[in-house]
Amino acid sequence: MSAVLELRAVTRQHGAGEGLVHALRGVSLQVAAGELVAVMGPSGSGKSTLLHLAGGLEAPTSGEVLVEGTALSGLSRKRLAQVRRRAVGYVFQDLNLVPALTAAENVALPRELDGAGARAARREAVEALTEVGIAELADRFPDDMSGGQQQRVAIARALVGDRRLVLADEPTGALDSETGEAVMALLRARCDAGAAGVLVTHDARHAAWADRVVFLRDGRVVDESVYRSPEAALGTLGSLR
Amino acid sequence: MSVRHGLLALLSERPRHGYELRAEFERRTGSALNVGQVYTTLSRLERDGAVVGTGDGEEGRSTYALTPAGAEELHDWFTTPVTRESRPRDELAIKLALAVGAPEVDVPAVLQAQRTDSLRALQDYTRLKARADAVDDLAWLLVLDALVFQTEAEVRWLDHCEARLVRARAAAPPGPAAAPVRAPGREGVRR
Ligand SMILES: Nc1ncnc2c1ncn2[C@@H]1O[C@H](COP(=O)(O)OP(=O)(O)O)[C@@H](O)[C@H]1O
Ligand SMILES: [Mg+2]
């Protein structure tokens, strides 16, 4: 099975001279279709940098990022922008909803930018809002919603259309625990349906939804926890249930 | 955990056979009992007058029922909080307490190995929860929730230990004991 996302010995530096920061120091990672990978690590360990590189928002200093087998470094600006819009969905800490647009318009925006007709984009947006459980808020403006509802809109925007790679940076950060769990269930379902997902979180309970949990420290992967099987899980409990 | 009180609780619902007690205990708590434990405990309960066995006396075929004395003992168990002291000692806390003073121990690597193991357990519990039924498996879900919360707390505590260690090393006077905290490398981590 080929990876939807592959990082090959990726490094990323910021600044120069005295101010040189090694945000990532040689990270290799593959995420297959259907797989959800969580990234954990202390503040400043390079988690957000990893997501930015994975989504083509930043270029690595060295190494290569491939999305569905295509090296991002070889793409023209235009093609890169296309991959970012079509193949990749983002949920970032900063939600970036457009206040002047309704929920449905916010979600439809990337599809419209991508050339989908207004009607088709609206229909897809409503589907995505339904998937995150807030179809009834389609015509509301972000300022008239709670933080949790806005977060769901941002997630719907990341899932709309056929995104094969979903990147989420602390998507549950501002949410109460119940809404956080619901968001995780959504991400998990999307991956079970065939997307590849990368989730940055400091919350172990949310990371535990992943197939693999990768631990970053000072820009390096220091360890990894892999989910095995239900049988192994039951074995953990010393039971044959 | 007391097998004794577990059996009394199941018998308070209705009389049951020994093999049924074993299966039901495991179904609800995820915790396995061996046959020997069940029958040894039942005969002690019978000796103490907390249960009565009926039927032809052949072990697997006897039915056990709660007596008023057994009901009273069970009531006391449910209404008495489980004290912190009565739980097993926390081996992990003891291990780390000893690791920080021991020479040649890569404490961050010890912390990371534990964190990875705890996360793997949390992944297991999360999947088991997802497979359980909210109504039929209520008892089992409560047990899984307990494991999730305990494990989550453990991971938070490990993160806290790591931060505390970094601060302590930064504040310690220079010397062999104040060696900089190394980031745990793969080689240092038990897989
Ligand atoms: N644009 C930037 N300029 C300079 N340094 C940066 C920039 N972005 C990130 N860094 C540095 O790179 C390191 C990793 O940052 P980041 O990926 O945001 O970590 P995390 O998300 O794990 O907290 C940090 O030391 C951070 O200060
Ligand atoms: Mg970050």
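Coordinate-derived values only; no laboratory data. Remember, it's a predicted structure, so these values are computed and weren't measured experimentally. For neighbour counting, all protein chains shown are included, and Cβ atoms are generated from backbone atoms with ideal geometry for every residue, glycine included.
How many nm separate the modelled label positions at B:HIS75 and B:VAL100, each set 7 Å beyond the Cα in the direction of the Cβ?
Each label point is offset 7 Å from its Cα along the Cβ direction, giving 4.8 nm.
With no solvent and one equal point scatterer per Cα, compute the Debye intensity ratio I(q)/I(0) for the range B:3-85 at 0.13, 0.15, 0.16 Å⁻¹ and report its log10, rounded to two decimals.
-0.38, -0.50, -0.57
What is the range A:92-156 by shape, rounded, prolate or oblate, if you read a ≥ b ≥ c off the alpha carbon gyration tensor as root eigenvalues and call it rounded for a/c under 1.5, prolate for a/b larger than b/c, and oblate otherwise?
Taking the square roots of the gyration eigenvalues as a ≥ b ≥ c, the range A:92-156 is prolate.
With labels modelled as points extended 7 Å from the Cα through the Cβ direction, what inter-label distance (nm, one decimal) is found for B:LEU92 paired with B:ALA146?
1.7 nm
Just from the alpha-carbon atoms, what are the Rg and Dmax of the protein assembly as shown in angstroms?
Calculated on Cα positions, Rg and Dmax stand at 26.8, 88 Å.
Name the shape class, rounded, prolate or oblate, that the alpha-carbon gyration tensor gives for the range B:88-171, where a ≥ b ≥ c are the square roots of its eigenvalues, rounded holds for a/c under 1.5, and otherwise prolate holds if a/b is larger than b/c and oblate otherwise.
Judged from the Cα gyration tensor, the range B:88-171 comes out prolate (a/c at least 1.5, a/b above b/c).
When the Kirkwood hydrodynamic radius is evaluated over all pairs of different C-alpha atoms of the range A:102-241, what value in angstrom, to one decimal, is obtained? Walk me through the numbers before you get to the answer.
Values: mean 1/r = 0.0603 Å⁻¹.
After inverting the pairwise mean of 1/r, the radius is 16.6 Å.
Direction-averaged shadow area of the convex hull around the Cα atoms of the range A:1-68, nm²? Kindly include the intermediate steps, with their values, before the conclusion.
Values: hull surface 19.0 nm².
The number I arrive at for the range A:1-68 is 4.8 nm².
Using only Cα atoms, what is the ratio of the radius of gyration of the range A:3-240 to 2.2 N^0.38 Å?
1.03
Working out 0.36 nm times the residue gap between B:ALA65 and B:ASN34, then minus their Cα-Cα distance, what length gain in nm do you get to one decimal?
9.1 nm is the gain from fully extending B:ALA65 to B:ASN34.
Calculate the dipole size of chain A relative to its Cα centre from +1 charges on Lys and Arg beta carbons and -1 charges on Asp and Glu beta carbons; express the result in debye to the nearest 20.
Computed about the Cα centre, the dipole is about 700 debye.
Over what distance in Å are the Cα centres of the range A:71-121 and the range B:75-117 separated?
Taking the Cα centre of the range B:75-117 as reference, the centre of the range A:71-121 is 48 Å away.
Using the count of nearby Cβ atoms within 10 Å as a rough guide to exposure, how do A:LYS78, B:LYS129, B:LYS95, A:LYS47 rank from fewest to most?
A:LYS78, B:LYS95, B:LYS129, A:LYS47
If I take R0 = 25 Å and measure r between the Cβ atoms of A:SER2 and A:ALA135 in this structure, what FRET efficiency does the formula 1/(1 + (r/R0)^6) give, to the nearest 0.05?
E(calc), rounded to 0.05, equals 0.10.
Can you find, among A:LEU36, A:SER73, A:VAL88, the residue sitting farthest towards the positive end of the charge dipole of the protein assembly as shown, where Lys and Arg contribute +1 and Asp and Glu -1 at Cβ?
Positive-end residue among those listed: A:SER73.
If we count other beta carbons within 10 Å of each Cβ, what is the order of B:TYR39, A:TYR227, B:TYR19, B:TYR64, fewest first?
Result, fewest neighbours first: B:TYR19, B:TYR39, A:TYR227, B:TYR64.
What FRET efficiency, computed as 1/(1 + (r/R0)^6) with R0 = 45 Å and r the Cβ-Cβ distance, is obtained for A:GLU178 and B:ARG47, rounded to the nearest 0.05?
Values: r = 49 Å, r/R0 = 1.08.
Result of the calculation: an efficiency of 0.40.
How big is the range B:127-172 on each of its three principal axes, counting only the C-alpha atoms and giving the largest first in Å?
Principal axes ranked by extent give 55, 15, 8 Å for the Cα atoms.
I need the shape label for chain B. Rule: rounded when a/c is under 1.5, else prolate if a/b > b/c, else oblate, with a, b, c from the alpha carbon gyration tensor. Mind dumping the intermediate values first?
Numbers: a/c = 3.22, a/b = 2.53, b/c = 1.27.
Prolate, because a/c is 1.5 or more and a/b exceeds b/c.
Given the alpha-carbon gyration tensor of the range A:26-141, what are the semi-axes of its equivalent ellipsoid in whole angstrom, ordered largest first, with each equal to the square root of 5 times an eigenvalue? Before the final figure, lay out each step's value.
Values: eigenvalues 168, 64, 35 Å².
Values for the range A:26-141, descending: 29, 18, 13 Å.
Neighbour counts of other C-beta atoms within 10 Å: give me A:GLU105, A:GLU178, A:GLU127 arranged from fewest to most. Can you show the working numbers first?
On the way: A:GLU105 19, A:GLU178 9, A:GLU127 15.
Fewest-to-most ranking of A:GLU105, A:GLU178, A:GLU127: A:GLU178, A:GLU127, A:GLU105.
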